[in-house]
Amino acid sequence: MKALVYWPLALEESKRIIKEGLSNTIEVLWASSTAEAMSLVGSVEIYIGSAQNWVLERGERLRFLQVVHAGVDNLDLELARRRGVMIASAKKVNSFYVAETALALMLSLAKKITYFDRLAKNNIFPQYSWEFSTDTLRDKTIIILGYGGIGRELARLLKPFGVRVIGVKRNPPGGRDPYADLVIGINDLDKYVGEADFLVVSAPLTRETRGLIDLKVISKMKRGSYIINVGRGHVIDERSLHMALREGMLRGAGLDVWWLYPHRGGDGVYSSTGIHMMDNVIATPHRGGFVKEAEIDIARFVVENVKRYLRGEEPEGLVDLKSGY
């Protein structure tokens, strides 16, 4: 059995982990360019790397596709189903690092970090008046849309701040959750969203979640609340968010994921409405999980997950080809 690895950004340490972990078990091929990967993928049963649809289209013998990132919304999952290809993602491996980013955005907004930094760089020392006061997380209600790996990790990190956490999950489990005060189904979001001081989106992009956070949902939130997005840009309707920020319905937003990316073609980056340019928005270029430690964790996960597949066990992070995640 052969496996192909095409992971252009892989650290040398990550490559070493995969080579040492798999080379004694299967034949591992390495591609250094897209063209080389395209020429090799038809001869392998296992593919490891950042996947695009050409992997599914050209992988005639492909049976297991191990993605080295969390999202699979760029893949034709129906084609994978027809071809009988199992897809696993690394969706829970970098949860801590993305949750860290969400918490950083929350604190930066509440404490006006970037705003005060801009004032300081313009030699402005604001007076001690309530106009220039800051906010706190303590006693706030945080709704986390997408209470999976990232959402639960964020809830755990928020524990010391004395907040109330409501997790939103497609299929909420029964019983007590160790980190959230309440876990609700996605259909109950409208009922509870008015309680949120922060709405944190950590949900994947699926047919169900695309455009889920629209003006109807945002208009039910408290005036002066915040939205954080570390999931996928298109879970939030761009024009609705722009209007809410412009009209003061929301106090601010912290966004690490976007509607426009340079590598996906088209005009512009970040947002067509200019959300990323607004003063009440903290914008970061999708770096939540782009951490060296996270990549090494993923490399170790990949080795163990491929071994699970080879043993005939169910891989972790298996993608439900019907639901899209």
Exercise for review: Could you calculate the FRET efficiency of D279 with R176 from 1/(1 + (r/R0)^6), where r is the beta carbon distance between them and R0 is 56 Å, rounded to 0.05?
Suggested key: 0.85
Revision key, fill the gap. Given the candidates N74, Y270, L212, the one whose Cα lies deepest towards the positive end of the charge dipole of the chain, counting +1 at each Lys or Arg C-beta and -1 at each Asp or Glu C-beta, is L212
Revision key, fill the gap. For the range 50-109, the per residue accessible area (1.4 Å probe, Å²) is 41
Review point. To the nearest 20 debye, what charge dipole does the chain have about its Cα centre, counting +1 at the Cβ of each Lys and Arg and -1 at the Cβ of each Asp and Glu?
Key: 360
Review point. Using a probe of 1.4 angstrom, how much of the accessible area of the chain is carbon and sulfur, in percent?
Key: 49
Review point. What translational D, rounded to a whole number of µm²/s, comes out for the range 155-209 from Stokes-Einstein when the hydrodynamic radius is the Kirkwood one over Cα pairs, at 20 °C and 1.002 mPa s?
Key: 175
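Taking 0.36 nm per residue of separation and subtracting the Cα-Cα distance, what length does fully extending F132 through R83 add?
Full extension of this stretch gives 11.7 nm more.
Quick check for me: using +1 on Lys/Arg Cβ and -1 on Asp/Glu Cβ, what's the dipole size of the range 185-325 about its Cα centre, in debye to the nearest 20?
That gives the range 185-325 a dipole magnitude of about 180 debye.
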**Study point:** Surface accessible to a 1.4 Å probe, per residue, for the residues of the range 114-191, Å²
**Key:** 63
Revision key, fill the gap. Dividing the helical contributions, -39500 (n - 2.57) per DSSP H run of n ≥ 4, by the residues of the chain yields a 222 nm value, nearest 500 deg cm²/dmol, of -9000 deg cm²/dmol
Exercise for review: Output the peptides 81-91, 97-107 sorted from most to least packed, where packing is the average of other Cβ atoms within 10 Å over each peptide's residues.
Suggested key: 97-107, 81-91
Check your understanding: How long are the semi-axes of the ellipsoid equivalent to the range 1-145, from square roots of 5 times the Cα gyration tensor eigenvalues, in whole Å, largest first?
Key -> 46, 18, 14
Review point. What ranking, highest mean first, results for peptides 19-25, 238-244, 144-150 when packing means the other Cβ atoms within 10 Å averaged over each residue?
Key: 144-150, 238-244, 19-25
Check your understanding: When the Karplus curve 6.51 cos²θ - 1.76 cosθ + 1.60 is applied with θ = phi - 60°, which whole-Hz ³J(HN,Hα) does each residue of the range 154-163 get, with x for Gly and Pro?
Key -> 5, 4, 5, 5, 7, 3, x, 8, x, 9
Revision key, fill the gap. On the formula 1/(1 + (r/R0)^6), with r taken between the Cβ atoms of S23 and I296 and R0 of 22 Å, the FRET efficiency rounded to 0.05 is 0.75
Study note, to complete from the structure: For Y192 the rounded accessible area (nearest 10 Å², probe 1.4 Å, non-protein molecules ignored) is 40
Review point. Ignoring ligands, DNA and RNA, what accessible area per residue does the range 1-40 give at 1.4 Å, in Å²?
Key: 55
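The values are calculated or read from the model by the stated rules, or taken from the named source; none is laboratory data. No experiment lies behind these values; they were computed from the predicted model shown. Here the Cβ is made from the backbone with ideal geometry for all residues, glycine too, and neighbour counts use every protein chain on show. Only protein heavy atoms, including side chains, enter the accessible area calculation; ligands, DNA and RNA are left aside. Shrake-Rupley method; radii C 1.70, N 1.55, O 1.52, S 1.80 Å.
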